[in-house]
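Below you'll find the structure, written out as C-alpha cells, and then a few comments.
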C-alpha cells in the first residue's frame with residue numbers, strides 16, 4: 001500500500017469556536033490506483049490532502065506512505081521524504097512567475113538534487129506537449145499549459161504518490177480530460193494518486209470514489225461494490 005491513513009482527526013480553533021475539519025477519516029491508496037475524494041467546499045478535502053502529504057499534522061491517527069509514519073519523522077527527515085516520494089498538484093498551480101517553464105519544472109531539484117535532472121525535465125516537457133513553451137514564463141501561458149507545467153514539476157523527482165487538490169478546477173473539459181489522462185498514465189506505471197475535488201465529474205476518471213461530507217467519509221464505491229458482491233455470493 002502506498003498511502004495508508006488510519007482514523008485521522010483534525011480540528012482548528014477560531015473566535016467562533018472549534019471547527020472539526022476531519023473526524024476519524026481512514027482510507028488507503030494502492031500502487032496503480034487513482035482515488036478521488038469528492039465533496040463540497042469546506043468539507044475537509046484540502047485538510048485531508050495536506051495531512052496525507054506530510055504538511056499538516058493530524059491531532060489523532062496515523063498517516064503512512066510506503067510504510068513510513070510521516071509524523072513520527074523529524075521535520076527535516078519528513079521534508080526530505082516528501083521531496084523524494086510525494087508530488088503535489090494544486091488548482092492554483094503555484095508556479096514561480098519569474099522562472100520559465102523549464103526552470104519551474106526543475107525547481108524540485110533545488111531541494112533534492114539528482115543526476116540528469118535537466119534531461120528528465122526536458123523529457124517531461126515533451127511528454128506534456130510544452131516543447132515550444134519551455135522558455136516562456138507562467139503569465140504568458142494558457143491555463144491548461146500552466147497546469148501541465150505544474151504536473152510535470154510534480155513528477156520530476158519520480159514520486160510514488162501524487163496528491164492533487166482541485167487539479168482541474170480552472171480547466172475546460174478538454175484540458176480536464178488531458179490532466180486525468182496523465183494521472184491515469186502515472187498509475188499505470190505503478191504510482192498512486194489521491195485527488196480531492198468538488199467536481200463530481202472527476203469520479204468518472206477514478207478507479208475508486210469516496211465522498212467526504214462535514215469531515216467524515218460517507219461513501220466509498222469500492223466498499224459498496226464489495227458489499228454488493230458479498231450479498232450476491234450469499235444468494236442461492
**OP:** Being assigned to a helix (DSSP H, G or I) and free of Cβ contacts under 8 Å to residues at least 40 places away in the same chain is the filter here, so list the residues in the range 149-178 that pass it.
**Re:** 173, 174, 175, 176, 177, 178
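Inside the range 109-145, can you point out the residues that are assigned to a helix (DSSP H, G or I), more than 23 Å from the chain's Cα centre (by Cα) and surrounded by 17 or more Cβ atoms within 10 Å (Cβ to Cβ)? Outline the logic, then answer.
We begin by selecting, within the range 109-145, every residue assigned to a helix (DSSP H, G or I); these are 109-111, 117-127, 131-133, 138-140, 143-145.
Subsequent filtering for residues that are more than 23 Å from the chain's Cα centre (by Cα) retains 118-119, 131-133, 139-140.
Of everything in the range 109-145, just one residue is assigned to a helix (DSSP H, G or I), more than 23 Å from the chain's Cα centre (by Cα) and surrounded by 17 or more Cβ atoms within 10 Å (Cβ to Cβ), namely 133.
Residue under question is residue 154, and the condition is that it be at pLDDT 90 or above, buried (at least 17 other Cβ atoms within 10 Å of the Cβ) and in contact with a strand residue (DSSP E or B) (Cβ under 9 Å, 6 or more places away or on another chain); does it hold?
On the way: at pLDDT 90 or above: yes; buried (at least 17 other Cβ atoms within 10 Å of the Cβ): yes; in contact with a strand residue (DSSP E or B) (Cβ under 9 Å, 6 or more places away or on another chain): yes.
Answer is yes for this residue.
Rundown of residues vs (1) on the phi > 0 side of the Ramachandran plot; (2) out of contact with any helix residue (DSSP H, G or I) (no Cβ under 6 Å at 6 or more places or on another chain), yes/no style:
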site: 26; (1), (2): no, yes
site: 44; (1), (2): yes, yes
site: 76; (1), (2): no, yes
site: 80; (1), (2): no, yes
site: 83; (1), (2): no, no
site: 87; (1), (2): no, no
**OP:** Kindly indicate whether any position in the range 190-200 is out of contact with any strand residue (DSSP E or B) (no Cβ under 7 Å at 6 or more places or on another chain), at pLDDT 95 or above and not in a helix (DSSP H, G or I).
**Re:** yes
Original post:
Of all residues in the range 6-46 being farther than 12 Å from residue 214 by Cα and free of Cβ contacts under 8 Å to residues at least 12 places away in the same chain, which is surrounded by the most Cβ atoms within 10 Å (Cβ to Cβ)?
Top reply: 12
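Report, by residue number, each residue of the range 57-100 that is part of a helix (DSSP H, G or I) and farther than 25 Å from residue 179 by Cα. Explain how you work it out, then say what you get.
Initial filter on the range 57-100 (part of a helix (DSSP H, G or I)): 70-72, 75-85.
Answer for the range 57-100, where residues must be part of a helix (DSSP H, G or I) and farther than 25 Å from residue 179 by Cα: 70, 71, 72, 75, 76, 77, 78, 79, 80, 81.
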Original post:
Any residue in the range 45-56 that is part of a strand (DSSP E or B) and touching a strand residue (DSSP E or B) at 6+ places or on another chain (Cβ under 7 Å)?
Top reply: no
Original post:
How many residues are surrounded by fewer than 22 Cβ atoms within 10 Å (Cβ to Cβ) and farther than 27 Å from residue 113 by Cβ if we restrict to the range 172-193?
Top reply: 11
**OP:** Show the residue pairs that are 6+ apart or on different chains and have beta-carbon atoms under 8 Å apart, the first residue being within the range 63-86 and under 12 Å from residue 111 (Cα atoms), the second being modelled with pLDDT under 95 and surrounded by fewer than 14 Cβ atoms within 10 Å (Cβ to Cβ).
**Re:** 79/111; 83/111
Subject >> Output for the range 201-217, where each listed residue is at negative phi, surrounded by 11 or more Cβ atoms within 10 Å (Cβ to Cβ) and either assigned to a helix (DSSP H, G or I) or at pLDDT 90 or above (or both) >> reply: 201, 202, 203, 205, 208, 209, 210, 211, 212, 213, 216, 217
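The values are calculated or read from the model by the stated rules, or taken from the named source; none is laboratory data. Owing to the predicted nature of the structure, the values given are computational and were not obtained by experimental measurement. When we count neighbours, we look across all protein chains shown, and the Cβ atoms used for this are built from the backbone with ideal geometry, even at glycine.
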